[in-house]
Amino acid sequence: MSDTPTTQGPDPNVAGPAAPDPWKSFRGVMAGTLILEAIVVLLALPVVGSVGGGLTPWSMGYLIGFAVLLVLLAGVQGRPGAIRGAPVVGRVAWAIRNAGRAVSGCQATRAQSR
């Protein structure tokens, strides 16, 4: 036996610092994106008011409700299953937007034929 200590690697039985969670930063990006989308939806209120039939109670309620839903989704992005909610809301918004375009296209065609 010698008096000099032997240098060994790290002890395999001791846990080191935890690795950073990449999903944590992605959740922050998703939450920020949802907040920006809510702002954009609320900025659509004056546009909807000046185009077509104007702001009806249904269209105003839809826009404000959708903005509130986006803010609520941004608030729960810290939960593990919440990341799945943003694409679902995006698909629903896309479907409603395309349905609105189809209806407005039919109305424009009907107005031109008169």
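Give the residues of the stretch 53-68 that are at pLDDT below 90, surrounded by 14 or more Cβ atoms within 10 Å (Cβ to Cβ) and not hydroxyl-bearing (Ser, Thr, Tyr), sorted by residue number. Once the filter is applied, which keeps residues that are at pLDDT below 90, surrounded by 14 or more Cβ atoms within 10 Å (Cβ to Cβ) and not hydroxyl-bearing (Ser, Thr, Tyr), the stretch 53-68 yields Leu55, Met60, Leu63, Phe66. In the stretch 72-95, which residues are loosely packed, with under 15 Cβ neighbours inside 10 Å and either in contact with a Cys (Cβ under 9 Å, 6 or more places away or on another chain) or touching a residue at least 12 places away in the same chain (Cβ under 8 Å) (or both)? Selection gives Gly75, Gly78. Pairing each residue of the stretch 35-64 that is closer than 23 Å to Val89 by Cα with any residue that is of a type in the set (Val, Ile, Thr) and surrounded by 12 or more Cβ atoms within 10 Å (Cβ to Cβ), provided the two are 6+ apart or on different chains, yields C-beta distances under 6 Å for Ala38/Val71; Leu55/Val48; Ser59/Val48; Leu63/Val41.
The values are calculated or read from the model by the stated rules, or taken from the named source; none is laboratory data. Please read these numbers as outputs of a predicted model, since none were measured by experiment. Glycine gets a Cβ as well: all are built from the backbone with ideal geometry, and neighbour counts include every protein chain shown.
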